[in-house]
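Values in this text are rule-based calculations from the coordinates and carry no lab data. Nothing here was measured: the structure is a model prediction, and the numbers come from that model. Virtual Cβ from ideal backbone geometry, glycine too; neighbours counted across all protein chains shown.
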Amino acid sequence: MKPTDRKPKRGADKTARLRADRERYQREKPTPEQLLAEGGHKEFVSLGGLVLIRSLMASLKKERESQGLTLAELSDRTGIDQAALSRLETGKNANPTVQTLFSIAIALGKLIVCDLQDARRADETKGRRVAHA
């Protein structure tokens, strides 16, 4: 079985920069809003969204493997770079476009089905509260 977690290869300068960032975060304890502002992002990816994408990618990977397809063959079918497909399957790309996901599904002979529900009603039936913007 191939290992899926590998230690990233970093140069000494990048390692030092990451270490300095970690030390600064421990010292200053920035808020999530400060981290967003520093990173130039408008909002966080919700945990629910991340879990949904990971789950969908795991299903697509399982389907690819059940069909006996390699990443190279899927790359040929989708026109998506093999390395990009690998990053999606391993979770290193946690924010793929809907078009990318649909392309992979179609190449596997599958469809991704989405549903639209009233947010308040869905929240009540699940017993959860969701912040609305």
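Miscellaneous remarks
- Formal net charge of residues neighbouring Ile53 (Cβ-Cβ distance under 13 Å; K, R +1; D, E -1): +3
- For the range 8-109, applying the loop criterion from DSSP together with a ceiling of 10 other beta carbons within 10 Å to the GluC sites (Glu not before Pro) yields Glu43.
- Protection proxy ranking, highest mean first, for peptides 96-102, 78-84: 78-84, 96-102, where packing is the per-residue count of other beta-carbon atoms within 10 Å, averaged.
- Here the simple spin-label model places points 7 Å from the Cα toward Cβ, and for Lys29 and Ser86 these points are separated by 4.1 nm.
- Restricting the range 38-106 to trypsin sites (Lys or Arg not before Pro) that sit in a DSSP loop and have at most 13 other Cβ atoms within 10 Å of their own Cβ leaves Lys42, Lys92.
- Scattering curve values for the range 33-82, log₁₀ I(q)/I(0), Debye with Cα scatterers, q = 0.15, 0.24, 0.26, 0.27 Å⁻¹: -0.62, -0.86, -0.93, -0.96
- Take the Cα of Asn93, go 7 Å toward its beta carbon, and the backbone nitrogen atoms of the range 64-79 under 16 Å from that spot belong to 71-79.
- Legend: distances between Cα atoms for Lys14/Lys92; Lys29/Lys92; Lys42/Lys62; pairs beyond 28 Å are Lys42/Lys62.
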